[in-house]
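Contents: one structure, followed by commentary.
The values are calculated or read from the model by the stated rules, or taken from the named source; none is laboratory data. This is a predicted model, so every value here is computed, not measured. Note that we place each Cβ from the backbone using ideal geometry, even for glycine, and neighbour counts take in every protein chain shown. Heads up: the accessible areas ignore ligands, DNA and RNA and are worked out on the full protein's heavy atoms, side chains in. Shrake-Rupley method; radii C 1.70, N 1.55, O 1.52, S 1.80 Å.
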Amino acid sequence: MSLVPQVLRSLKNLPPFPMVAQRALLLLNKPEVSIQELVDVVKFDPAITANILRISNSAYFGLRREIHSLHQALLLLGTQELLKIIIASGATRLFSAPTPGYFTERQGLWRHSVSCALMVDLLGRELSLPDQATGFTAGLMHDIGKVVLSLFVEQKFHEIMEVVEQQGVSFQAAEKIILGVDHAEMGGEMARMWDFPDRLRLAITYHHLDKPEAYTDDLILLVYLADILTLMFGQDLGTDGLAYTGYPEVLRHFHLREKSLQRVLLQFGSAWDEAQIFFGLMGKQDGVQRANRG
Amino acid sequence: MQIVVGVADMKISSQPQQLVVTHALGSCIGVAVYDPMVKVGGLLHYMLPESSLDEEKGRQNPCMFADTGIPLLFRECYKLGAVKHRMRVKVAGGSQVLGGPEHFNIGRRNYAALRKIFLKNNVLIDNEDVGGTKARTLYLEIATGKVWVKIIGQNQVIKDL
């Protein structure tokens, strides 16, 4: 029996996308963003402003001066970095529920999502692409469908895993076979309901490259590759493990050799340590402390 | 008491109350060694096969790479009285994504690098759980030398090595 009607029904209760992050998303496409526009986005949310200052002062950015104001953060970090911080701070709430279908640890999905966002940035740097908050955001949101699908994956986990093991297909393909819908499609549907910019929505929908449309935008390929590399790095791995498909044509497309991938992983190791502040956005109890992922 | 080994990290212990653990190995590899006579054990979690990739990083943190981390793991155990021919060696990790094995194969290269070092130095692997697409957590109990792997999944499958 297909669970699709049930899954779609559960979308009716989808919480709204956090307003601050929503307004920041609208700025992603603008070539120039003024200080005033950014200040307007966050000014009614003191918690986010506090987070921005905390993150700006973290080891991840390694600034020599302490930042005390939004204006200062903008001057020293630039618009794109600031947008990333605003979106990450604003979107945190969506990831706050546990996703036991995928992660045994409460913050697993959040940690994986932040890791993937950082990986997009590092890959972009290795490929000398311009640093855009869009890539980071797509990395952060790529698995958002898991928030809703977790409940159904949890019910049918053994059947899904059986398909993965017996047919040798990816976890995503097995979700589609057993549930009638997979987490990427689900995320795309949520992005539609939340009025995400098209590029972002498509990156979520196609991040496992299971449709030809995936190849229309480098952003999608970048998010795909960042996701795969994040899985390879390990840590915060989910119940789906590394059961996703590696497509060598993506490496060829970006002229990436294995050595480059190794280099990116090496850099990611340090970035991951320094970025613990992002993981900590979720709340104090597991906080900045390395969570128990066993 | 749990002692956590991070990514590109290593812990050596002779404290019987300690349980040494490394979480969520993907394509990385965890190596657990133990000398039952003196009850000294060590666990290494390395990321990449060869330090030639970045020799500076390899010097700063030898645990990043197989070729710098594995010799260090043994040397540090010798310091606490372990002797090579008595040491039990167990290996876990080296997972891969699906698809062509000739690409995205850092997991396999990590394993190959370890095998090469062990062959050169006459070290035998007593037991291993490597490859596939699974995420693994590796444990080493210092009191007994018992080593096991937890496969991350809904049932948290436990496998003794």
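Name the residue that is surrounded by the fewest Cβ atoms within 10 Å (Cβ to Cβ), counting only residues in region A:111-122 that are closer than 15 Å to A:Leu281 by Cα and under 8 Å from the mean Cα position of the chain (by Cα).
Among those residues, the one meeting the criterion is A:His112.
Quick one: in region A:259-281, which of the residues that are out of contact with any Leu (no Cβ under 9 Å at 6 or more places or on another chain) and more than 16 Å from A:Arg125 (Cα to Cα) is nearest to the other protein chains (Cβ to nearest Cβ)?
A:Asp273
Inspect region B:137-149 for any residue being aliphatic (A, V, I, L, M), within 17 Å of B:Val31 (Cα to Cα) and touching a Phe, Trp or Tyr at 6+ places or on another chain (Cβ under 7 Å) and give the result as yes or no. Spell out the reasoning first.
First, the residues of region B:137-149 that are aliphatic (A, V, I, L, M): B:138, B:140, B:142-143, B:147, B:149.
Applying the additional criterion that residues be within 17 Å of B:Val31 (Cα to Cα) yields B:138, B:140, B:142, B:147, B:149.
Now drop any that are not touching a Phe, Trp or Tyr at 6+ places or on another chain (Cβ under 7 Å), which leaves B:140, B:147.
Yes, region B:137-149 contains a residue that is aliphatic (A, V, I, L, M), within 17 Å of B:Val31 (Cα to Cα) and touching a Phe, Trp or Tyr at 6+ places or on another chain (Cβ under 7 Å).
Considering only region B:9-31, state which residues are touching a helix residue (DSSP H, G or I) at 6+ places or on another chain (Cβ under 9 Å), open to solvent by less than 10 Å² (accessible area, probe 1.4 Å) and over 21 Å from A:Thr230 (Cβ atoms).
The one that is touching a helix residue (DSSP H, G or I) at 6+ places or on another chain (Cβ under 9 Å), open to solvent by less than 10 Å² (accessible area, probe 1.4 Å) and over 21 Å from A:Thr230 (Cβ atoms): B:Val31.
For region B:1-56, give me the residue count where each residue is of a type in the set (A, V, I, L, M, F, W, C), within 12 Å of chain A (Cβ to nearest Cβ) and under 18 Å from B:Gly94 (Cα atoms).
Let us first name the residues in region B:1-56 that are of a type in the set (A, V, I, L, M, F, W, C), namely B:1, B:3-5, B:7-8, B:10, B:12, B:19-21, B:24-25, B:28-29, B:31-33, B:37-38, B:40, B:43-44, B:47-48, B:53.
Subset that is within 12 Å of chain A (Cβ to nearest Cβ): B:4-5, B:7-8, B:19, B:21, B:24-25, B:28-29, B:47-48, B:53.
Checking which are under 18 Å from B:Gly94 (Cα atoms) leaves us with B:5, B:7-8, B:21, B:24-25, B:28-29, B:47-48.
Result for region B:1-56: 10.
Working carefully through the options B:Gly93, B:Gly131, find the one that is on the phi > 0 side of the Ramachandran plot and either touching a residue at least 40 places away in the same chain (Cβ under 8 Å) or among the charged types (D, E, K, R) (or both).
Going through B:Gly93, B:Gly131 in turn, just one is on the phi > 0 side of the Ramachandran plot and either touching a residue at least 40 places away in the same chain (Cβ under 8 Å) or among the charged types (D, E, K, R) (or both): B:Gly93.
If you go through region B:100-131 one residue at a time, how many are open to solvent by 50 Å² or more (accessible area, probe 1.4 Å) and within 13 Å of another protein chain (Cβ to nearest Cβ)?
Of the residues in region B:100-131, 6 are open to solvent by 50 Å² or more (accessible area, probe 1.4 Å) and within 13 Å of another protein chain (Cβ to nearest Cβ).
Please indicate, with yes or no, whether at least one residue in region A:56-63 is within 30 Å of A:His158 (Cβ to Cβ) and open to solvent by less than 40 Å² (accessible area, probe 1.4 Å).
Keep residues of region A:56-63 that are within 30 Å of A:His158 (Cβ to Cβ), which gives none.
Among the residues of region A:56-63, not one is within 30 Å of A:His158 (Cβ to Cβ) and open to solvent by less than 40 Å² (accessible area, probe 1.4 Å), which makes the answer no.
Within region A:20-30, is there a residue that is surrounded by 15 or more Cβ atoms within 10 Å (Cβ to Cβ) and more than 22 Å from the chain's Cα centre (by Cα)?
Scanning region A:20-30, I find no residue that is surrounded by 15 or more Cβ atoms within 10 Å (Cβ to Cβ) and more than 22 Å from the chain's Cα centre (by Cα), so the answer is no.
Among the residues of region A:200-214, what is the count of those that are assigned to a helix (DSSP H, G or I) and buried (at least 16 other Cβ atoms within 10 Å of the Cβ)? Before you say what the answer is, go through the steps one by one.
Of all residues in region A:200-214, those assigned to a helix (DSSP H, G or I) come to A:200-205, A:212-214.
This time we only want the ones that are buried (at least 16 other Cβ atoms within 10 Å of the Cβ), so: A:200-205, A:214.
Number of matching residues: 7.
Determine if region A:26-37 includes at least one residue that is in contact with a Ser or Thr (Cβ under 6 Å, 6 or more places away or on another chain), assigned to a helix (DSSP H, G or I) and farther than 27 Å from A:Ala191 by Cβ. Steps first, answer last, please.
First pass over region A:26-37, keeping only residues in contact with a Ser or Thr (Cβ under 6 Å, 6 or more places away or on another chain): A:28, A:33.
With the extra rule that they be assigned to a helix (DSSP H, G or I), the set shrinks to none.
No, because not a single residue in region A:26-37 is in contact with a Ser or Thr (Cβ under 6 Å, 6 or more places away or on another chain), assigned to a helix (DSSP H, G or I) and farther than 27 Å from A:Ala191 by Cβ.
Condition first: more than 8 Å from chain B (Cβ to nearest Cβ), under 16 Å from the mean Cα position of the chain (by Cα) and within 23 Å of A:Glu258 (Cβ to Cβ). Can you find one or more residues in region A:188-207 that meet it?
Yes, there is a match, as at least one residue in region A:188-207 is more than 8 Å from chain B (Cβ to nearest Cβ), under 16 Å from the mean Cα position of the chain (by Cα) and within 23 Å of A:Glu258 (Cβ to Cβ).
Please enumerate the residues belonging to region B:142-158 that are of a type outside the set (Gly, Ala, Ser) and more than 14 Å from chain A (Cβ to nearest Cβ). I'd like the intermediate steps shown before the answer.
If we filter region B:142-158 for residues that are of a type outside the set (Gly, Ala, Ser), which is where we start, we get B:142, B:144, B:146-152, B:154-158.
Answer for region B:142-158, where residues must be of a type outside the set (Gly, Ala, Ser) and more than 14 Å from chain A (Cβ to nearest Cβ): B:Ile142, B:Thr144, B:Lys146, B:Val147.
Does at least one position in region A:74-83 carry a residue that is more than 29 Å from A:Leu237 (Cβ to Cβ), of a type in the set (Val, Ile, Thr) and either within 14 Å of chain B (Cβ to nearest Cβ) or assigned to a helix (DSSP H, G or I) (or both)?
Looking through region A:74-83, at least one residue is more than 29 Å from A:Leu237 (Cβ to Cβ), of a type in the set (Val, Ile, Thr) and either within 14 Å of chain B (Cβ to nearest Cβ) or assigned to a helix (DSSP H, G or I) (or both).
Quick one: is B:Leu43 modelled with pLDDT of 95 or more, buried (at least 17 other Cβ atoms within 10 Å of the Cβ) and in contact with a helix residue (DSSP H, G or I) (Cβ under 7 Å, 6 or more places away or on another chain)? Reasoning before the result, please.
Working: modelled with pLDDT of 95 or more: yes; buried (at least 17 other Cβ atoms within 10 Å of the Cβ): yes; in contact with a helix residue (DSSP H, G or I) (Cβ under 7 Å, 6 or more places away or on another chain): no.
No, not satisfied.
Listed here are the residues, each with its yes/no results for (1) in a loop (DSSP other than H, G, I, E, B); (2) free of Cβ contacts under 8 Å to residues at least 40 places away in the same chain; (3) within 17 Å of B:Lys146 (Cα to Cα).
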{"site": "B:Gln15", "(1), (2), (3)": "yes, no, yes"}
{"site": "B:Val21", "(1), (2), (3)": "no, no, yes"}
{"site": "B:Ala24", "(1), (2), (3)": "no, no, no"}
{"site": "B:Ser27", "(1), (2), (3)": "yes, no, no"}
{"site": "B:Val33", "(1), (2), (3)": "no, no, yes"}
{"site": "B:Glu56", "(1), (2), (3)": "no, yes, no"}
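Just to be sure I understand the filter: pairs with C-beta atoms under 8 Å, separated by 6 or more residues or on different chains, first member in region A:102-114 and over 21 Å from B:Ile151 (Cβ atoms), second member among the aromatic types (Phe, Trp, Tyr). Which pairs pass?
A:Trp110/A:Phe95; A:Trp110/A:Phe279; A:Ser113/A:Phe95; A:Val114/A:Phe278; A:Val114/A:Phe279
Check A:Leu231, A:Leu256 and return the single one that is within 14 Å of chain B (Cβ to nearest Cβ) and assigned to a helix (DSSP H, G or I).
Details: A:Leu256 fails: assigned to a helix (DSSP H, G or I).
Selected residue: A:Leu231, the only one of A:Leu231, A:Leu256 that is within 14 Å of chain B (Cβ to nearest Cβ) and assigned to a helix (DSSP H, G or I).
Can you run down the residue pairs with Cβ atoms below 8 Å, 6 or more apart or on separate chains, where the first is in region B:110-126 and modelled with pLDDT of 95 or more and the partner is of a type in the set (Asp, Glu) and open to solvent by 20 Å² or more (accessible area, probe 1.4 Å)?
Final answer for the pair search is B:Ala113/B:Glu50; B:Ala113/B:Asp67; B:Ile117/B:Asp67.
Among residues belonging to region A:176-187 that are charged (D, E, K, R) and in a helix (DSSP H, G or I), point out the one that is farthest from the chain's Cα centre (by Cα).
Taking region A:176-187 and keeping what is charged (D, E, K, R), we get A:176, A:182, A:185.
Adding the requirement that they be in a helix (DSSP H, G or I) leaves A:176, A:185.
Details: A:Lys176: 21, A:Glu185: 15 Å.
The selected residue is A:Lys176.
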